[in-house]
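This report concerns only the one structure given below.
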Amino acid sequence: MQDLFEKMKEYLNMDTEISFDEFDGYYKKVTAFLNDSWETLNEEDTMHMLFILDNLKSNGEDRSKRKVKEAKKYAKMAQRTEIWANALIGRLREAGLTDEEIGKRYEAIYEAV
């Protein structure tokens with residue numbers, strides 16, 4: 001989990017954009033991790049994963065609007081990351097966090113990056 005978070009921070013601090021192949025590879029690592037481990041994430045790791053998913057979603061949506069051959073693939077990745085993000089938000093709510101608390105914790109992660 002920490003490797004995925006560190007990689008996202010690295011991507012966010014880059015001056016250039018990663019290729020479709022690298023984006024797709026990272027997306028597949030994230031979804032594979034979630035398929036195997038999402039139910040066992042603690043609150044902190046869930047927040048970090050939410051951060052990863054939010055960034056994948058927004059970047060996927062942005063790239064899907066471009067006139068590139070992979071536009072539909074980016075759109076599907078954005079949709080799937082949104083589904084995962086909603087599932088994680090649901091888990092955080094079940095754990096007793098309010099939307100305001102989730103938002104504050106998310107902002108703290110974003111500001112730290």
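The values are calculated or read from the model by the stated rules, or taken from the named source; none is laboratory data. Since the model is a prediction, treat every value here as computed from it, not as a measurement. Here the Cβ is made from the backbone with ideal geometry for all residues, glycine too, and neighbour counts use every protein chain on show. What goes into the accessible areas is simple: the full protein's heavy atoms, side chains included, and nothing from ligands, DNA or RNA. Shrake-Rupley method; radii C 1.70, N 1.55, O 1.52, S 1.80 Å.
Just the number please: accessible area per residue for the stretch 1-112, 1.4 Å probe, all protein chains included, in Å².
Working: 6970 Å² over 112 residues.
That works out to 62 Å² for each residue.
Dipole size in debye (nearest 20) for the chain around its Cα centre, Lys and Arg Cβ +1, Asp and Glu Cβ -1?
Details: 18 positive and 24 negative charges, 158 e Å.
In total the dipole reaches around 760 debye.
Relative contact order for the stretch 1-112: what is it in percent, counting Cα pairs under 8 Å that are at least 6 residues apart? If you can, show how the numbers build up before the last one.
Working: 66 pairs, mean separation 29.2, N = 112.
With pairs under 8 Å counted, the relative contact order is 26 percent.
Using the structure shown, select from Lys67/Lys104; Lys28/Lys69; Lys9/Lys104; Lys29/Lys57; Lys9/Lys29 the pairs with a Cα to Cα distance greater than 24 angstrom.
Working: Lys67/Lys104 36 Å; Lys28/Lys69 19 Å; Lys9/Lys104 19 Å; Lys29/Lys57 15 Å; Lys9/Lys29 15 Å.
Too far apart for the 24 Å limit: Lys67/Lys104.
Under the Karplus relation 6.51 cos²θ - 1.76 cosθ + 1.60, θ = phi - 60°, what is the ordered set of whole-Hz ³J(HN,Hα) values for the stretch 18-29, x standing for Gly and Pro?
Result, ordered by residue: 6, 6, 4, 4, 5, 4, 5, x, 5, 4, 5, 5 Hz.
Quick check: pseudo-label points 7 Å beyond the Cα along Cα→Cβ at Gln79 and Asp62, how many nm apart are they?
About 2.2 nm, to one decimal.
How large a share of the accessible area of the chain, in percent, is made up of carbon and sulfur atoms when the probe is 1.4 Å and the other protein chains stay in place? Let's see the in-between values first.
On the way: 3210 of 7020 Å².
It is 46 percent, rounded to a whole number.
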